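These notes concern the structure reproduced below.
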Amino acid sequence: MAPVAAAQSAISISKKGFVPADSLFKLVYVPVEVPPGIAEIRVREIYSNQGKNVLNLGIYGPEGHRAGTTAGFRGWSGGAKTEFFLNAQEASTGYVPGKITPGLWHVLIYPSTILPTGIDWELAVTLVPGADKQGAFAVSPAPAAVNTKAGWYRGDLHMHTLHSDGKRTPRELVDEAAAQGLDFIVSTEHNTNSANLSWGKYAVPKLLIINGEEVTTTAFGHWNAVGLNPTTLVDWRYTPQDGAVTQCLAQVHADGGLAIINHPFYNKELANGFKFAVKDFDGIEVWNGKWDFLDEPALKWWDELLRAGTYKLAIAASDTHIAGPSDSRLGIPQTVVKATGLSRTGIVQGLKAGRAYLIAEPRISLAFTARAGSATAEIGERLFAAAGQTIQLAFSLVNAPAAVVTLCGDQGVIATENVVSAKPAGLRWTVKAGSTKYLRVEVRTPRGEMVALTNPIWLGE
Ligand SMILES: [Zn+2]
Ligand SMILES: [Zn+2]
């Protein structure tokens, strides 16, 4: 894609300013008056100590720019770009093509890192006059369903392309997902729906592409909206104190979607960086990219909530930003979901019900079932057993390395077993009904890296 040819009469506007060090995370809206007859807007951002300073970038049209709403939104590139264009047909990745309505536009600049010396900034705006070309941009969403076959489906719930800070095209992402044998992917760009508007152009027959967004408030944490309508956009411009997140979560749930807390511990201080109330969210990404020391406290937090009676769906996702091998390669780790079909509603309902397990690599699979008399339950389901009744558990693991399998309940570890690599491992345990409210399994290498993790099977009346 290319910007429209510049007419000689293009209007150049320069806006300059300074962000002092005490203005971290303060939104700055720079007004730009756009006269009638403009076909394209181009913006270039220049600022001091780029790299050490970070001045995120986005734009709103004359329809509005009020925080907590999405009216007027025309794109966001965060710290990933310092220039963009948009016209009726095309736009830079992260931005939304469409008519350039005359009126007062606002470029949003948002400092997320500031040196003590502050940030000197300039916006060089070019307004290109002309008539709109034929064939305005049309939304082309991915199909909402691939099949209606019930089964376990493998997916990755967190990823980025050039539409935010990823380094790959949408086409490259889809091709890699197909090559990795994934059944579904969730598109989660930072604070923009620009990728979701065009997934239909890249869809391949067997891969389900689910619309999502990584709602990114740098100051208060990141969360994924999963299972959105293609044109839905969720705003990020609020604090935990002002309560606006409630209406954004309602928006996600109105679309039938889920809100999942991402990588809650993502800095070396190992502090929980997620500042919104956990009770309002549906799940926690306890495993982000290749298992490391930052996932350990996330799992511990999830487990403590669970033991205290607050269940959140656990998911694993790559948060991949680049194509090919890396510590956050697409599909590593992944979440396997039992669904009524490979469709947006099927997958989201399976996740909502907790019918999901988490694995380190694409080839691993597992099964975990509980039986009491003639009643059975698997992951995410409830086994009805009278207190004192014997519950028989069966756990099997395929294609896993040598590992330590741990059965956990609300009082902690119930049993530990070693399994040998390459052979399908079948384990059996018995527990008494009433001894725990749920059962879940963790599989780790002897060095402690996670291989697989299940959501709970629930016990009791
Ligand atoms: Zn994130
Ligand atoms: Zn991410």
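Taking all protein chains in place and a 1.4 Å probe, what share, in percent, of the accessible surface of the range 11-129 do carbon and sulfur account for? Before the final figure, lay out the partial values.
On the way: 2630 of 4740 Å².
Carbon plus sulfur share of accessible area: 55 percent.
A straight line joining the Cα centroids of the range 285-345 and the range 23-84 runs 32 Å.
Placing unit charges on the Cβ atoms only, positive for Lys and Arg and negative for Asp and Glu, gives the chain a dipole magnitude near 760 debye about its Cα centre. Under the convention that each Lys and Arg Cβ holds +1 and each Asp and Glu Cβ holds -1, the size of the dipole of the range 363-461 around its Cα centre is about 180 debye.
Per-peptide packing, taken as the mean over residues of other Cβ atoms within 10 Å, places 153-162, 216-225, 436-445 in the sequence 153-162, 216-225, 436-445 from highest down. Projecting the Cα positions of Trp458, Cys408, Ala387 onto the charge dipole of the range 342-461 (unit charges on Cβ atoms of Lys, Arg, Asp and Glu, taken about the Cα centre) puts Trp458 furthest along the positive direction.
Keeping every protein chain present and rolling a 1.4 Å probe, give me the accessible area per residue for the chain in Å².
Value returned for the chain: 40 Å² of accessible area per residue.
May I ask for the Kirkwood hydrodynamic radius of the chain, worked out over all distinct Cα pairs and given in angstroms to one decimal? Write down the numbers at each step before the final one.
Numbers: mean 1/r = 0.0426 Å⁻¹.
Across the chain, the inverse of the average 1/r is 23.5 Å.
In order along the range 47-54, the phi-based Karplus estimate (6.51 cos²θ - 1.76 cosθ + 1.60, θ = phi - 60°) of 3J(HN,Hα) comes to 8, 6, 6, 4, x, 7, 8, 10 Hz; Gly and Pro are listed as x.
Show which aspartates and glutamates lie in cross-link reach of Lys99 when reach means a straight Cα distance below 16 angstrom and same-chain residues fewer than eight apart are skipped. Those aspartates and glutamates meeting the cut-off are Glu33, Glu40, Glu63, Glu90, Asp132.
The accessible-area ordering, largest first, of the residues Thr430, Thr126 stands as Thr430, Thr126, per a 1.4 angstrom probe.
The values are calculated or read from the model by the stated rules, or taken from the named source; none is laboratory data. The shown structure was predicted, so the numbers you read here are calculated from the model rather than taken from an experiment. We place every Cβ from the backbone using ideal geometry, glycine too, and count neighbours over all the protein chains shown. Surface areas here come from the heavy atoms of the whole protein model, side chains and all, with no ligands, DNA or RNA. Shrake-Rupley method; radii C 1.70, N 1.55, O 1.52, S 1.80 Å.
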